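Here the structure is laid out as structure tokens; the discussion comes afterwards.
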Amino acid sequence: MKNPWDIDRNNYPKDGSLANKIRFVLGYGILAPSTHNTQPWLFKIKENSVEIYYDPKLMLPEGDPRSRDLYISMGCLIENTLIAAGHFKILDRFDVGLRDSLVAEIFFKEEGNNYEYADLLDTIPQRVNSRGLFKPNLIPEDSVQKTLSLNDFEGIEIHRVSDKERILKFAELTASGLKMAHGRPRFRQEMSRWMHNSLSPAKEGLHGYSLRMPFLFSFIIPWLVRFRDLSPMLADLNYKSIASVPLVNVISAQESNPETWLKVGRLAQRTMLYLNSQNIKTSIFVASIEMGDLHKEVQKLLNITTEPQFLFVAGYMDYDQKHSPRHNLEEKLL
């Protein structure tokens, strides 16, 4: 099977069945980011719709005890799928349906509805979670302002931080969060199961090349993470990365529940795709809002009372990150 990242809009089966068209747009959906690259989605394709489920076996009780990151990942997948369905004009409607492991259902039809963000289609297979140091170049103000118009979700806000003093505070909080996480043996055990060397054929998880680690080091890092507390090194690396960025983005919400987290994921993916379309790299850092009471410090930094739900940074970088692997759609069908 070909690499799922090699999807090409020119291969859309415009004369094919609706079921084949649904499969094609789901090929864009599965390129969404997910925690530890778990790709926790499953699909059931019906006559004119697709039911979207999460896979309970891929939940992360140590790294994501509230399942917030799980639902945010599902929201990213939904946004990708809506963008693709809207671009190819087969979108009918989208319904959230939270019961058991069912998350949502997307309905399709020939000559369907337009989707406002369908122009982001070609950016989906280009998106990558960039790692490393960012260049000091500032992001143009018009690009920053454009992202404000991308939020059409009631009760959800996106906050942008560009002053260096607060950016350094976010770097400190992220470093503290990583120390808290990796200080727990159970977290490290869970994390190590999702880490692979750079030659691993695994189609999920974090490979050495996607973490930008030296080739030989990638063969021992799963063992080291499992049995050693590497938090001082990891905290330092992440501190330096965030300290170098020109823009920190935090999404907060009035409520904190699965339906809200789906919206947060959709907005996050939409915003990251827009920035990527402007040749601006993005990178996800959630330790400062996931660990302990650090989210309260984030609230103080932003002067907000809503709960921080997601954090990513944006800026310019010379390095072109290699994509993380993906399961083919056929492996995710029920």
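Annotations for the structure displayed:
- Which listed residue is touching a residue at least 12 places away in the same chain (Cβ under 8 Å), of a type in the set (S, T, N, Q), within 30 Å of LEU199 (Cβ to Cβ) and touching a strand residue (DSSP E or B) at 6+ places or on another chain (Cβ under 6 Å), from SER283, SER256: SER283
- In region 89-100 there is at least one residue that is touching a residue at least 60 places away in the same chain (Cβ under 8 Å), outside any strand (DSSP E or B) and either in contact with a helix residue (DSSP H, G or I) (Cβ under 8 Å, 6 or more places away or on another chain) or under 22 Å from ASN3 (Cα atoms) (or both).
- Selection within region 194-220 - in contact (Cβ under 8 Å) with a residue 24 or more places away in the chain and either basic (Lys, Arg) or under 21 Å from LEU133 (Cα atoms) (or both): LYS203, LEU206, HIS207, TYR209, SER210, LEU211, ARG212
- Residue check: VAL250 meets all listed conditions (1) under 20 Å from GLY63 (Cβ atoms); (2) modelled with pLDDT under 95 but one, namely (2).
- Of all residues in region 141-184 being part of a loop (DSSP other than H, G, I, E, B) and touching a residue at least 60 places away in the same chain (Cβ under 8 Å), the one that is surrounded by the fewest Cβ atoms within 10 Å (Cβ to Cβ): GLY155
- The set of residues from region 107-131 being within 17 Å of the chain's Cα centre (by Cα) and either in a strand (DSSP E or B) or over 25 Å from ARG9 (Cα atoms) (or both) comprises ASN129, ARG131.
- Filter result for LEU178 (over 20 Å from the mean Cα position of the chain (by Cα), more than 25 Å from LEU273 (Cβ to Cβ) and not β-branched (Val, Ile, Thr)): no
- Selection from region 213-233 of residues that are part of a loop (DSSP other than H, G, I, E, B) and surrounded by fewer than 14 Cβ atoms within 10 Å (Cβ to Cβ): PRO214, PHE215, ILE220, ARG228
- Residue satisfying all of: in region 25-60; part of a helix (DSSP H, G or I), in contact (Cβ under 8 Å) with a residue 60 or more places away in the chain and in contact with a Gly (Cβ under 8 Å, 6 or more places away or on another chain); farthest from SER192 (Cα to Cα) among these: ASN37
- TYR239 vs. criteria over 29 Å from LYS332 (Cβ atoms), in a helix (DSSP H, G or I) and hydroxyl-bearing (Ser, Thr, Tyr): yes
- In the condition set (1) buried (at least 24 other Cβ atoms within 10 Å of the Cβ); (2) touching a Phe, Trp or Tyr at 6+ places or on another chain (Cβ under 9 Å), MET317 is compliant with all but (1).
- Enumeration of residues in region 147-183 that are touching a strand residue (DSSP E or B) at 6+ places or on another chain (Cβ under 7 Å) and small (Gly, Ala, Ser): GLY155, SER162
The values are calculated or read from the model by the stated rules, or taken from the named source; none is laboratory data. Just so it is clear, the model here is predicted, and its values are computed rather than measured. We place every Cβ from the backbone using ideal geometry, glycine too, and count neighbours over all the protein chains shown.
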